[in-house]
């Protein structure tokens, strides 16, 4: 039987302004900022607090956190946030998430692997038995207007096998549904639309597309293999004779490995100039692991995305 998918909880979200607007009636959610003595994370927590989507829980060395927040002039955050002093912020935050004391985890001043190590500790109670994967959103402007498009997984899974890709697809579908997309269109990416044993990602893409056609993922359209142009540009798909509802209109692109996902995600941001948001799903709570170079605005977008997903 097809897997159970969370219902749509909002009208379709088309841009980051819509994303923040959709999150407001669903908040505030308790957001644990892990290693909170970080300028950008504190600024984002303050912004999310002002939007009414977050109740920040600041975890780490309290003296450092307060000093940093004071230097930034974040008096409202200092007054309204909860402070938790902890030598091992990641372990404390993970256990709080496992116990239901916080709704989201946001990485602050620590490495991603430190946070994920704590999350994956079976004693923390955050694991669900599902694969964790990251879904990034950016504002695509290649067609008329603006729309949010996903990229997965450029953050966690280095070289996923077919079974892991199935779970990555499932996670992506759930993220797309929380954006109000009733029937997500997923493009399984490769370097070509031809299936060839010499390009293993094309073989996996065809298998995943066949699973989608058989209803293994529920109400979703999946097409693969697709190269980047045919995933996003309807005219390119037409030139190549690809007739599929996904071609040229992908809501989310499922990449074959972490290198391609990382490169594509950074390209849309730094070459394309888009803002971004991303969320790790598959755990008990959404986990936000933004890059150290992402702006406070990007982090607020990620908090909004996490709030939408948590509400679903």
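Can you pull the Rg over Rh of the chain, Cα-only, Kirkwood?
Taking Rh as the inverse mean 1/r over Cα pairs, Rg/Rh reads 0.98.
By how many degrees, between 0 and 90 and to the nearest 10, does the Cα long axis of helix 62-71 differ from the longest principal axis of the chain?
80 degrees
Beta carbons within 10 angstrom, averaged per residue: use that to sort the peptides 81-88, 300-307, highest first.
Ranked from most to least packed, the peptides come out as 300-307, 81-88.
If packing is taken as the average count of other Cβ atoms within 10 Å, what order do 44-56, 226-238 fall into, highest mean first?
44-56, 226-238
Helix 162-178 versus the longest principal axis of the chain: what is the Cα-based angle in degrees, 0 to 90, to the nearest 10?
For 162-178 against the chain, the angle is about 70 degrees.
Alpha carbon centre of the range 243-294 versus the range 153-219: separation in Å?
Between the Cα centre of the range 243-294 and that of the range 153-219, the gap is 13 Å.
So what's the back-of-envelope 222 nm ellipticity for the chain, counting only DSSP H runs of four-plus at -39500 (n - 2.57) apiece and dividing by all residues, rounded to 500?
-11500 deg cm²/dmol
Once a ≥ b ≥ c are taken as the square roots of the eigenvalues of the Cα gyration tensor of the range 173-235, is the result rounded (a/c under 1.5), prolate (a/b larger than b/c) or oblate (a/b not larger than b/c)?
It is oblate, given that a/c is not under 1.5 and a/b is not larger than b/c.
Place a point 7 Å from the Cα of residue 50 along the Cα-to-Cβ direction; which residues of the range 64-97 have their backbone N under 17 Å from it?
Residues 69-81 qualify, since their backbone N sits under 17 Å from the label point.
Which length gain, in nm to one decimal place, applies between residue 87 and residue 192 when the Cα-Cα distance is subtracted from 0.36 nm times their residue separation?
Net length gain for the segment: 32.9 nm.
How far is helix 296-311 tilted off the main Cα axis of the chain, in degrees rounded to 10, range 0 to 90?
Tilt relative to the chain: about 80 degrees.
Take every Cα pair under 8 Å in the range 133-271 that's 6+ residues apart, average their separations, divide by the length, and report that relative contact order as a whole percent.
In percent, rounded to a whole number, it is 32.
Quote the FRET efficiency, to the nearest 0.05, computed for residue 293 versus residue 101 with a Förster distance R0 of 45 Å and r equal to the Cβ-Cβ distance.
0.90
Of the beta bridges DSSP finds with both residues in the chain, what % are antiparallel, to the nearest 5?
30 percent
At 0.36 nm per residue, minus the direct Cα-Cα distance, what do residue 12 and residue 111 gain on full extension? Give it in nm, one decimal, please.
Length gained, residue 12 through residue 111: 32.3 nm.
Can you tell me how the range 133-271 classifies by the Cα gyration tensor, rounded, prolate or oblate, using a/c under 1.5 as the rounded cut?
rounded
Where Rh denotes the Kirkwood radius from the mean inverse Cα pair distance, what is Rg over Rh for the range 60-122?
Using Cα coordinates only, the ratio equals 0.99.
Each reported figure results from applying straightforward, stated rules to the coordinates on display, with no laboratory input. What you are looking at is a predicted structure, and each value in this text was computed from that prediction instead of being measured. Here Cβ is always computed from backbone atoms with ideal geometry, including for glycine, and neighbour counts include all displayed protein chains.
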